[in-house]
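To start, the structure under review is shown below, and the notes come after it.
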Amino acid sequence: MTVLTFPTRPTSALSETLPDYVSRLNPPQRDAVLATEGPLLVLAGAGTGKTRVLTTRIAHLIATRRAWPGQILAVTFTNKAAREMIERVQKLLVAQAPAGDEATSPQDMTSGMWLGTFHAIGARILRRHAEAVGLTSSFTILDTDDQLRLLKAIIGEKDIDDKRFPPKAVMAVIQSWKDRGLTPEKVTAAYFDNPAAEVTHSIYATYQQRLLANNACDFGDLLLHNLTLFSKQPDVLRDYCLKFKYILVDEYQDTNVSQYLWLRLLAMEYQNICCVGDDDQSIYGWRGAEVGNILKFEQDYPSAKVIRLEQNYRSTTHILSAASALIAHNKERLGKTLWTDEDGGEPIRIKAVWDDGEEARFVGEEVEARQRSGVRLSDMAILVRAGFQTRAFEERFLTLGISYRVVGGLRFYERLEIRDAIAYLRAIHQPRDDLAFERIVNTPKRGIGQSTLEQLHGRARDNNCSLQEAATLLLGEGAIRGKAQGSLAQLMQCLGRWRETARDIGPGTLCELVTEESGYWRMWESEKTQEAQGRLENLRELFRALGEFPSLDAFLEHVSLVMDVDDQRTDDMISIMTLHAAKGLEFDTVFLGGWEEGLFPHQRALDESGTAGLEEERRLAYVGITRAKTQLYITHASSRRIYNQWQSSVPSRFLSELPPAHIEHLDGAPQARGPSLFQKGIESILSEAQRYTPPAQSAAAMKGKRVFHVKFGYGVVLAEQSGNLDIFFDKAGRKKVMADYVELVKG
C-alpha cells in the first residue's frame, strides 16, 4: 500500500511563523498541538480546554499537510461530541484558508476524515469485512429490546429458571465480557467464580451463535468483531494501520478494555496516537470503563510524551484548590494541580442540616437569593449522588414556584417504578379507577394477556361498571380460563385484602406491603442491574414520602396536583441531575446535596469494589466540585429515613478532606470532622447501658442465625471473620457488617 507523505518544515521554522490558531493557545496547549509525531498523552484537567486542543491539533495536521483528512482517525464517545469537533475543525480551517479562496467548502476541507464514536467507526470497518466474521455487510444492529427478547427465548429453550437468571442480568454480564474483549471461547473457567457464571456462559455461547444465524450483532459486537477480524486477518489490520497516520482519542479515561485493545492495534505502525483525558474524572467503572488504560499509557508507549493541561478557565481559586486537595487523596492517579488566573472568589459553603426537608428548604432559599442578585436559574444546578434524592428538591421548588428540569431522567413522580406503585395505590383507594387497574393487572407479569383484558372491557361496557367489578363478575361465572383465571383471582383477593389493611396502617407501610406481596419489588430485585438498584432506591424514597402524609387520600391528591403543574416550557430553569450526568457541564452556582457516609461515598461502591470503589467515588466528588464556576454549596444531613426509620447520618469523609482555608461553615462551626457535641453526648449516655447488657453471643456461634440490622433489615448469618459477619439480608442482599451492629432475632 502506498503511504502518502508530505514535506515538513523544521520545528524552528514553525515556531517563528505560528498560525493564529496556535499562537492563541497557552504554552502547554501549544505544545500538545505541535507535538505531532509519536505517542502523546494529554492530561487535561477540568475546564482546561481539552476540546480546543483536540480540534486545533486536527486542523493543524490538515493545514500543514502532514496528513490528508482520510489519514486521520478521531474517536470519541457521543455523537454530540463528534459533531461539535468536526464543526470546530472546519471553522479553524476556513479561518486559515488564503484570502479569496472560497472555492472549497468547510465540508470539503474535512471530507474523508474518520471522526465519530467508537461504535460508529467499528460498524464502518465491520461492514467492509463482515464476511470474515460470519456476517454479511447488511447485518442488523440489535437494540436493547431485541437483545432481551432473544436472550429470553434462549433461556426458555434451555429450560433455565428466568427468576434466577433474568434476561437483563444475563445481558449485563455478557456485555461486561464483551467490554473486556472476551468472545465465548475466551471466557475460561477462571471467570466462573460461581455456578451462575457457568450457566451464563452457556447462554452467551448460544446467544452469539443465534446472532450470526440472524446476520445480526449488538453494540458490544461492533468492536469485538473488529478484534476478531484483526487477529484472524493481519493483512486487513495492517492496511488500516497504514491508512491511519494519526489517531486522536477523546475522553481516554472512559475507554474499556475492548476499546483500548482496538486502539493499540490500529496504532501499531506509526504510533502517532494522541490520547486526551483526565484520570481524575474516570467515573464510569460501573459500565466497563477502565481507569488503568490511561494510568499505564507510558508503559504501553515507552517513548510517549505527557503534557499536563492545568490552567483552568472555569472556576475560582477556592474551588480549584479544594478540588485538587480532595483528589490528592487518591493513590491511583498520574497527578496534576489545577490553577487559574481568576481571583480567589467566594469560599465553598458547607451547611449541616437536620434532614432532606431542611436541605431542600435551605437550597430553595439560596436559589431565590441568587435570583435576586441577578443570577439566572439556568446558571444554577443541584447535583446528587442518587436519583431518589431529587424528590425533596422537586417538591420544594414546586412549592416556591421555581422552574426546574431533571436532566438525564424523568421527574420523580414520572418514573416508571413510581407510576406503577402509585397505580397500585390508586386501584386500592378507588376501585373504579380503570386506568390504574389496567396498568397493574399484568405488572409484574401474571399471564393476563390482551384477550383477557378485552373480555374485561367488554363486560365493563355491557354492565356499565368498572374493570374490577367486571373481573369479579367474570370470575364468578367461570368465564376466564387457564392461567389468567388463577392470576386474576389472586390479584382481586389481594386488592380486597389491601383495601381492608389500608384502614389500619399508614400509606408508607401500605405501599411497602403492596410492592412486596404483589411481587413488584422482587421483579426489580431479581434483575441485579445498576438500573434496577436505582429503581429500588426510588421506591424506598416513595415509601418515605408517603410517610409524610396523614392518609392515602391526601397523598394521591398531592400527586395529582404535582403532576398537573405546568413547567411553562421556559429556558430559564434550574437543573437537577446526578453527578454522573453532570460530567462535561458547568454552572455559575452548584449545590452538592447528600454528602453523607453510605450515600456519598455510596455504600454499594465500597462493598463491591473496596478501595477502587472509594477512589472512583472521590473522582465523582471531584467532578461535582469542578462543575462550579463561582459559587459552590455542599450540604449534609444529620438524619435520613431508610426503610421508614430515621437513621443518624455521619458526614462524608470527603468533607474532612477539603482544606479549611477554602471552606466556610454556614452553621458557624465545622461539622465535617465527626459527630457534634450533642451527638457525642447521646453516645456517652447510651454507652452507660453497656454495663447492664449481658456479654454478646460469640459471632462464630451466630452462623445460621437470623438477625436484624437497623439499616438493612432482617437477614441470615452466612459466616464470620474477625468480628465481621457475612449476612444475606432479605431485601438488601449480601453484606458484610460488624457483629456489634446486628441484633439476634429470638424465636
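The values are calculated or read from the model by the stated rules, or taken from the named source; none is laboratory data. Predicted model, so just to flag it, every value in this text is computed and none were measured. As a convention, Cβ positions derive from the backbone with ideal geometry for all residues, glycine included, and neighbour counts pool all protein chains shown. Surface areas here come from the heavy atoms of the whole protein model, side chains and all, with no ligands, DNA or RNA. Shrake-Rupley method; radii C 1.70, N 1.55, O 1.52, S 1.80 Å.
Would you confirm whether or not segment 90-100 contains a residue that is crowded, with 17+ Cβ neighbours inside 10 Å, at pLDDT 95 or above, of a type in the set (A, V, I, L, M) and touching a Ser or Thr at 6+ places or on another chain (Cβ under 9 Å)? No, that holds for no residue. Within segment 508-555, track down each residue that is of a type in the set (Phe, Trp, Tyr), open to solvent by 10 Å² or more (accessible area, probe 1.4 Å) and assigned to a helix (DSSP H, G or I). Selection gives Trp524 alone. Of the helices (runs of 4 or more DSSP H) lying entirely inside segment 180-284, those containing at least 3 residues that are open to solvent by 20 Å² or more (accessible area, probe 1.4 Å), closer than 30 Å to Ser138 by Cβ and hydrophobic (A, V, I, L, M, F, W, C) span 195-213, 257-266. Any residue at all in segment 668-675 that is modelled with pLDDT of 80 or more, under 29 Å from Glu537 (Cβ atoms), open to solvent by less than 70 Å² (accessible area, probe 1.4 Å) and in contact with a strand residue (DSSP E or B) (Cβ under 8 Å, 6 or more places away or on another chain)? Checking segment 668-675: not a single residue is modelled with pLDDT of 80 or more, under 29 Å from Glu537 (Cβ atoms), open to solvent by less than 70 Å² (accessible area, probe 1.4 Å) and in contact with a strand residue (DSSP E or B) (Cβ under 8 Å, 6 or more places away or on another chain).
Restricting segment 591-616 to residues that are open to solvent by 10 Å² or more (accessible area, probe 1.4 Å) and either within 10 Å of Arg385 (Cα to Cα) or of a type in the set (Ser, Thr, Tyr) (or both), the residue that is nearest to the chain's Cα centre (by Cα) is His602. Can you find even one residue in segment 217-234 that is modelled with pLDDT of 95 or more, among the hydrophobic types (A, V, I, L, M, F, W, C) and out of contact with any helix residue (DSSP H, G or I) (no Cβ under 7 Å at 6 or more places or on another chain)? For segment 217-234, residues modelled with pLDDT of 95 or more, among the hydrophobic types (A, V, I, L, M, F, W, C) and out of contact with any helix residue (DSSP H, G or I) (no Cβ under 7 Å at 6 or more places or on another chain): absent. Of everything in segment 102-151 that's among the charged types (D, E, K, R) and outside any loop (DSSP other than H, G, I, E, B), which residue is most open to solvent (accessible area, probe 1.4 Å)? Out of the qualifying residues, it is Arg149. Among the residues of segment 697-706, is any modelled with pLDDT under 50 and open to solvent by 70 Å² or more (accessible area, probe 1.4 Å)? Checking segment 697-706: at least one residue is modelled with pLDDT under 50 and open to solvent by 70 Å² or more (accessible area, probe 1.4 Å).
Per-residue answers, yes or no, for (1) more than 30 Å from Gly519 (Cβ to Cβ); (2) touching a His at 6+ places or on another chain (Cβ under 6 Å):
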{"site": "Arg83", "(1), (2)": "yes, no"}
{"site": "Val94", "(1), (2)": "yes, no"}
{"site": "Ser105", "(1), (2)": "yes, no"}
{"site": "Trp114", "(1), (2)": "yes, no"}
{"site": "Val133", "(1), (2)": "yes, yes"}
{"site": "Asp145", "(1), (2)": "no, no"}
{"site": "Arg149", "(1), (2)": "no, no"}
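Considering segment 357-392, and only residues there that are of a type in the set (A, V, I, L, M, F, W, C) and within 20 Å of the chain's Cα centre (by Cα), the residue that is most open to solvent (accessible area, probe 1.4 Å) turns out to be Phe388. Can you tell me which residue in segment 318-335 is surrounded by the most Cβ atoms within 10 Å (Cβ to Cβ), limited to those that are within 21 Å of Leu585 (Cα to Cα) and in contact with a helix residue (DSSP H, G or I) (Cβ under 8 Å, 6 or more places away or on another chain)? Residue satisfying both the conditions and the ranking: Ile319.
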